[in-house]
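Contents: one structure, followed by commentary.
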Amino acid sequence: MFINQNTVCYTYENMINDLKVLKRRYQEEIRYDTLTDTADGRQVWHVVIGNADAKRKILVHGSIHGREYITSRLVMKQAETFLKHKENGESYQQIKYDKLLENAAVHVIPMVNPDGVSISQMGIKGIRTECVKRQVKEIARIEGESTERQFFTRWKANGNGVDLNRNFDAGWMQYQDPVGRPASAFYKGTSPECERESAALAALTRKEQFCRTISYHTQGNVIYWYFRQKGKLYRDTLAFGRKISEATGYLLNEDDKNLDPAGYKDWAICKLGIPSLTIETGYGKSPVPPGQWNDIWKSNEYVWEETLLSLADEDLCQENTNKVKINTLKVL
């Protein structure tokens, strides 16, 4: 296993190196490309495992908030472990990994917000361009902070000072962010998807029409699944949440009144009708201390497998429903 190389903070550079290693080792099983460049000159990497033309597609992404970079390490570890199980011809719940991926694909964005991650990890030293450096310094000045390292550790936004998980068209107009300007956190931007990263994530979701999405965040060991959905979408999302809750041991939470809207999960549910979860992993404050890694990994090791199984169960239910309809028609 190689996704263990930096136990203090998993960096953008670590991710790039690990993607190259994955590609060398599993050439036929993995494809990757970039969705967009960022303001500070990085790329948002996109990985596909399985059949890119599959009917059933899921999306898993991490680090949409800068300081939540342990989720990038988690998502990369999930990718590596899943591929290794498949290569070894192993099974999960008595189902071969080849079968789990039959007519299915897992799309992965390990680090949606690489600029924010680098700022959180390295402060001003982690910024590549003068334009972003000036902007970040100005944000620090306005927020009454110096350029001390401690301030940047808590950075959530991207390099433009926009909170990417408040930049989606799901209650965006109603969300009264507490700052109204570029900031280290909470600023929703000038319009939904005004940022390259959020626009690219939304465009990919529209294009691929995922069956399920998972957004990894920190912290709280809790799963948020509700955003005003009703009927079948409500039932499907709840069933998905229960399955992942059982796998992780994390509590399900239906509260949306005390949570800020305009997040990716909210948008995927209310605009595209996709059963989607936000999984908050770890506890305490973000960045989650690296000492929690073993617990985080143990809780989330089989989330991909359980998500794929939930789709297989849904297909079986639909198949049985169709058989009942056919038999009913024959009787009539």
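The values are calculated or read from the model by the stated rules, or taken from the named source; none is laboratory data. Computed from a predicted model, the values in this text were never measured in an experiment. So basically every Cβ, Gly included, is an ideal-geometry build from the backbone, and we count neighbours across all protein chains shown. For the accessible areas, the whole protein counts, side chains as well, though only heavy atoms, and no ligand, DNA or RNA atoms are used. Shrake-Rupley method; radii C 1.70, N 1.55, O 1.52, S 1.80 Å.
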Using only DSSP helix segments of four residues or longer, with each worth -39500 (n - 2.57), what per-residue ellipticity at 222 nm results for the chain after dividing by its residue count and rounding to 500?
-13500 deg cm²/dmol
Descending packing, highest mean Cβ count within 10 Å first, for 206-219, 244-257, 84-97 is 206-219, 244-257, 84-97
Peptides ranked, highest mean first, by Cβ atoms within 10 Å: ranges 296-306, 131-141
296-306, 131-141
Assigned charges on the beta-carbon of Lys, Arg, Asp, Glu; the chain dipole about Cα centre (debye)
240
Putting +1 on Lys and Arg Cβ atoms and -1 on Asp and Glu Cβ atoms, find which of ILE64, VAL21, ALA52 reaches farthest to the positive end of the dipole of the chain.
ALA52
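Suppose all protein chains stay in the model; what accessible area per residue would a 1.4 Å probe give for the chain, in Å²?
45
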Among LYS133/LYS285; LYS86/LYS125; LYS84/LYS133, which pairs are too far apart, with a Cα-Cα distance over 32 Å?
LYS86/LYS125; LYS84/LYS133
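Report, to the nearest whole %, how much of the accessible area of the range 124-259 belongs to carbon and sulfur atoms, 1.4 Å probe, protein only.
On the way: 3160 of 6730 Å².
Heavy-atom surface of the range 124-259 belonging to carbon and sulfur, 1.4 Å probe: 47 percent.
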For the peptides 118-126, 29-37, what is the packing order when you average, over each peptide's residues, the other Cβ atoms within 10 Å and list the highest mean first?
118-126, 29-37
